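Structure record follows, encoded as structure tokens.
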Amino acid sequence: MRGLPALAASASQRTRRWDAVVLGGALPGLIAAVRLGMRGERVLVLEEDAALAAFPGLREPFLMTGGDGDGVLAACLRALGVPLIDRRRLDPDTCAYQLVYPGARLDVGEPVSTIEELVAWKIAAPEAAHELVRALADAAAAEREAMLLAPVVRGTRRLPLGQRRPPAGPPRPEAIRHPRGLPAVVASAPVRLAALFAAQVRALSNLGASAPSPEARARLLGLALEGSALLAPGQGGLRGLLRRRIESLYGEFRSVSGAFRLIAAAQQPGIELGGSGEILVGRALVLNAPRDALARAIGEDPVPEPLRAAPAARRRLSLHFRLRPDALPAGMARRVIVVREMGRPMDATNVVTLRVFTPPRPRDPADLVASAVIPNEGFDSEAAELEITAAVSELLPFAQRSLERVRWRAPRWDVEDLLADPSPGEGWPGESEVRLACRQPVYALERCGVASLGFDGDLLLGWRAGDAIAADLA
């Protein structure tokens, strides 16, 4: 096993130490930091200054579901000890998103209204619509139950008896109350409906170029039926909620603005900040950013062994806009999936997602984030930006004069827009390896193993990885 380059002994006096250093502000790492803090570990979260300076909505998930009852988000927030007063700030929304395509604007959300929409837009007859929605609701519930029972990640040590997770492998059949996998009525859907399913999977998944498993597709397509969650304006989004929880556990945050490199001090991993010569190490180093992005930002040749990873095939290109709130159409949902042409593949700028962030004060401008998944290399980004802007303009025909593009400095390494794919035969359902083959305790929270589950995957990766790392530190 290879490790990080050793630090010169003369630099040891400038070293500050924690139990865990989390490199990056992505959602899984924040959740893992909470779980580590709950076990009494001292945690430092390092974020890139450019990521902190950007509009927070750029890093919020497109769709949050399961904020109450038995939902994955509700279970995760309870496990993180988030106070009830904060959990109550999650407002339910009966319409998860609108699916807009030429000639139609379909509301997807609460089961009864979704059935009515399918019938009203002549996508399905009443009996077929009932069967479709029921099958998707049951399949999504089955995957939710399986996810909450599954280990999700492979830990390296056994947890204490009272804290053990379910054993590795598929969940026990008797624990799942509904059939798993993609329902037959979905797998055999007619062409137009199949195209709409593909558009929703593209919008909700964090995969790059590979196709989600049948189980993951069932979960994604049934998500909206569980009800979506919205955080009230001015609360800093889900990340703001998690940051407050980390700080309540005496976790620390720090921004990184310049060059740095990964090092090992007395076999403990960490980073050395360029210029200041300050060294920040932990008993564990958690890479909460894409390894290939970290490798490019550090720029060392050869690349340190823990940062060697295949480049991501796709990335999510996001644009930030502002406009007057009164320019928003009255009937437009806060989340929209736009299909520009039904006859084209449901990929690249043919599928654009739009999120609307209403301002805390009525007279302030509203923020919009529009995104599309494009190839990471060999693709005309400027042309893609024009296509995304055109899709937004088509949705807002009376807002062109007030629609303003907001430019922002893109982070180099603290990013979530790179969409990697799991190795063949891996992904959900299955477990991801978080401990890297390295002399030092270095962990990588790579989303590719749970990327097909979208937002749920981020929650579960952080939750389970935090427990696995805490067990190692113990």
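Numbers below:
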| quantity | calculated |
| --- | --- |
| Test: ARG59 is surrounded by 17 or more Cβ atoms within 10 Å (Cβ to Cβ), among the basic types (Lys, Arg) and more than 17 Å from the chain's Cα centre (by Cα) | no |
| Members of segment 326-339 found to be out of contact with any helix residue (DSSP H, G or I) (no Cβ under 6 Å at 6 or more places or on another chain) and touching a residue at least 24 places away in the same chain (Cβ under 8 Å), listed by number | ALA327, LEU328, PRO329, GLY331, MET332, ALA333, ARG334, ARG335, VAL336 |
| Single match in ALA289, ALA293, ALA229, ALA309 (criterion: part of a loop (DSSP other than H, G, I, E, B) and within 30 Å of VAL392 (Cα to Cα)) | ALA289 |
| Any hit, segment 261-284, residues being in a loop (DSSP other than H, G, I, E, B), crowded, with 20+ Cβ neighbours inside 10 Å and not β-branched (Val, Ile, Thr) | no |
| Some residue of segment 375-384 being in a strand (DSSP E or B), among the small types (Gly, Ala, Ser) and without any contact (Cβ under 8 Å) to a residue 60 or more places away in the chain | no |
| Qualifying positions in segment 1-25 - buried (at least 24 other Cβ atoms within 10 Å of the Cβ) and at pLDDT 95 or above | ALA20, VAL21, VAL22, LEU23, GLY24, GLY25 |
| Answer residue from segment 179-208, given it is under 19 Å from ILE337 (Cβ atoms) and touching an Asp or Glu at 6+ places or on another chain (Cβ under 7 Å) and is surrounded by the most Cβ atoms within 10 Å (Cβ to Cβ) among those | LEU207 |
| Total residues in segment 346-363, condition touching a residue at least 60 places away in the same chain (Cβ under 8 Å) and of a type in the set (Val, Ile, Thr) | 3 |
| Selected residue (criterion: surrounded by the fewest Cβ atoms within 10 Å (Cβ to Cβ)) from residues of segment 320-373 that are acidic (Asp, Glu) and at pLDDT 90 or above | GLU341 |
| Residue list for segment 39-69, restricted to those being in contact with a helix residue (DSSP H, G or I) (Cβ under 8 Å, 6 or more places away or on another chain) and closer than 21 Å to LEU285 by Cβ | ARG39, GLU41, VAL43, VAL45, ALA51 |
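Table: residues versus (1) outside any strand (DSSP E or B); (2) under 15 Å from the mean Cα position of the chain (by Cα).
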{"position": "GLU426", "(1), (2)": "yes, no"}
{"position": "TYR443", "(1), (2)": "no, no"}
{"position": "CYS448", "(1), (2)": "yes, yes"}
{"position": "SER452", "(1), (2)": "yes, yes"}
{"position": "ASP456", "(1), (2)": "yes, yes"}
{"position": "GLY462", "(1), (2)": "yes, yes"}
{"position": "ASP467", "(1), (2)": "yes, no"}
{"position": "ALA471", "(1), (2)": "yes, no"}
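Per-residue answers, yes or no, for (1) free of Cβ contacts under 8 Å to residues at least 40 places away in the same chain; (2) crowded, with 16+ Cβ neighbours inside 10 Å; (3) in a loop (DSSP other than H, G, I, E, B):
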residue	(1), (2), (3)
VAL112	yes, no, no
GLU116	yes, no, no
LYS122	yes, no, yes
GLU127	yes, no, no
LEU132	no, yes, no
LEU136	no, yes, no
LEU148	no, yes, no
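The values are calculated or read from the model by the stated rules, or taken from the named source; none is laboratory data. Since the model is a prediction, treat every value here as computed from it, not as a measurement. Glycine gets a Cβ as well: all are built from the backbone with ideal geometry, and neighbour counts include every protein chain shown.
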